[in-house]
Every structure is written in C-alpha cells, then in structure tokens.
1. Tell me which residues, restricted to region 117-138, are modelled with pLDDT under 90 and either within 12 Å of Phe12 (Cα to Cα) or hydroxyl-bearing (Ser, Thr, Tyr) (or both).
2. Just to be sure before I move on: is Phe50 touching a Pro at 6+ places or on another chain (Cβ under 9 Å), under 30 Å from Ile181 (Cα atoms), surrounded by 13 or more Cβ atoms within 10 Å (Cβ to Cβ) and not β-branched (Val, Ile, Thr) in the structure I sent?
3. Keeping to region 163-191, report how many residues are surrounded by 11 or more Cβ atoms within 10 Å (Cβ to Cβ) and either modelled with pLDDT under 80 or not in a strand (DSSP E or B) (or both).
4. Of (1) in a helix (DSSP H, G or I); (2) touching a strand residue (DSSP E or B) at 6+ places or on another chain (Cβ under 9 Å); (3) farther than 16 Å from Ile171 by Cα, Met107 satisfies all except one. Which?
5. So Thr58 fits all but one of (1) assigned to a helix (DSSP H, G or I); (2) over 24 Å from Arg5 (Cα atoms); (3) among the polar types (S, T, N, Q); what number is the exception?
6. State all residues of region 75-116 that are of a type in the set (D, E, K, R) and over 30 Å from Leu135 (Cβ atoms); if no residue qualifies, say none.
7. Return the pairs, sorted by first residue and then second, in which the second residue is modelled with pLDDT under 95 and not aromatic (Phe, Trp, Tyr), the first residue lies in region 1-25 and is farther than 16 Å from Val64 by Cα and buried (at least 20 other Cβ atoms within 10 Å of the Cβ), the beta carbons are less than 6 Å apart, and the residues are 6+ apart or on different chains.
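The values are calculated or read from the model by the stated rules, or taken from the named source; none is laboratory data. Remember, it's a predicted structure, so these values are computed and weren't measured experimentally. Note that each Cβ is placed from the backbone with ideal geometry, even for glycine, and that neighbours are counted across all protein chains shown.
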Amino acid sequence: MLYFRTQPDAVFITFVREALEYELQAVRRVASRNDTNAWVVEYPAVGMLFTPYSALITLEELLVAHDEASRVYRLTDYHWLLLYESLKNYCLWHNDQVYDASVSFTMLGGYRFGQVDFQTMTDRYFWDHEFMELLYADADESDCCSCGELTERSDIDLSYGLRPHPAKLKITPVEEPAWRIPEPEECGQWRLP
C-alpha cells in the first residue's frame, strides 16, 4: 500500500488502482506511437520529468506497491507527481463518463462512484503539494555545484535538464506509518472522499 497522509479506505484504494491502470494504458498508447512531441503535448507535466518508458516502469512499480497489503511504501516527489497526474486524468475521464451517461454513478470494484471531487481527495490523502516544485526547477536557483557534490534536494537532476536518477525513483518501505486521523466532519460526504 502507498503511504498516504490519511490511511486509505477500501473505496479510495479501489479508485487509486483504477486510476493507475487507466494511466498505464494511456501511456502505453502514447508510447506505442514513438512520437516525442505527442508525449510532451499529452503529458506536459509528466513529459518534463519522464520518458514514456520511464513513466511506464514507474507506474508499474506504483501498482505493485499499491497492491501489496502487508507493507506500506513511501514515495518520492517524482512518484507523487505521477500519482497526482494519474488521479487528475482519471477523475476528469470518470466525471465526464458520469456526467454524459444516463446514470448518476459507475461501479468500480463493487463500489458506486458518482462525481469525484479531485481537490478534496488530494487535500485529504496527499501530504502536501511540494512535489509540484519539480516542474519549476531552475539551474540558476540550484544550490548544487557542477563538480558532482550531492545534495538532498530532490529536484537537482531536473535543474540540470536531466531525467530523475534511478535512486530518486526508489519506493522505500515504511516500518511504522503514522496515519493522520481525519476530523469527524470530514467523514460521510456524498462525494469521494
């Protein structure tokens, strides 16, 4: 399972799985065209950080980690960005399906889903949105020298126009997760979450 801010329930776990699988298929379609321009046009944020191949590999790793019920895994900013974009794209597609169809909900994994509020979902389950800073990394603002010194900043590879280093795409297990307990008024909404 992925280490979210709030411990995910079965409904959210199902929705995340569907979103990751949907995105994996969409990336496969774009990657099969071998068109770099199409990749950047269809995935402007993710395309800055990932090649189609590295996005496929990372999405597959996210799915494997998400499906493992016995362990909890910590993600890097690169994973959070890819997960964010996957959920956003799937929410847009899902909400269009519900809006355009004659029914007010769809069934996913035995659960009924109506319109999904993406912003509320990310506010509840994401730790923060600092991963978005990866999109604005700038070599002029970097505190790293080109002599090869390593820093702890997660965006250093991007500040020099490089793709993420494989070490920065490692999903690490969390020994003792500290889930946030939501306030009582946050529960029982008619829209997910």
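1. Tyr136
2. Working: touching a Pro at 6+ places or on another chain (Cβ under 9 Å): yes; under 30 Å from Ile181 (Cα atoms): no; surrounded by 13 or more Cβ atoms within 10 Å (Cβ to Cβ): yes; not β-branched (Val, Ile, Thr): yes.
Criteria not met by Phe50.
3. So the answer is 13.
4. Single failed check for Met107: (1).
5. (2)
6. Of the residues in region 75-116, the ones of a type in the set (D, E, K, R) are 77, 85, 88, 96, 100, 112.
Matches in region 75-116: Asp100, Arg112.
7. Cβ pairs passing all conditions: none.
Let's see how each residue does on (1) part of a helix (DSSP H, G or I); (2) in contact with a Lys or Arg (Cβ under 7 Å, 6 or more places away or on another chain); (3) over 17 Å from Pro8 (Cβ atoms):
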{"position": "His66", "(1), (2), (3)": "yes, yes, no"}
{"position": "Tyr73", "(1), (2), (3)": "no, no, no"}
{"position": "Tyr90", "(1), (2), (3)": "yes, no, no"}
{"position": "Val98", "(1), (2), (3)": "yes, no, yes"}
{"position": "Arg112", "(1), (2), (3)": "no, no, yes"}
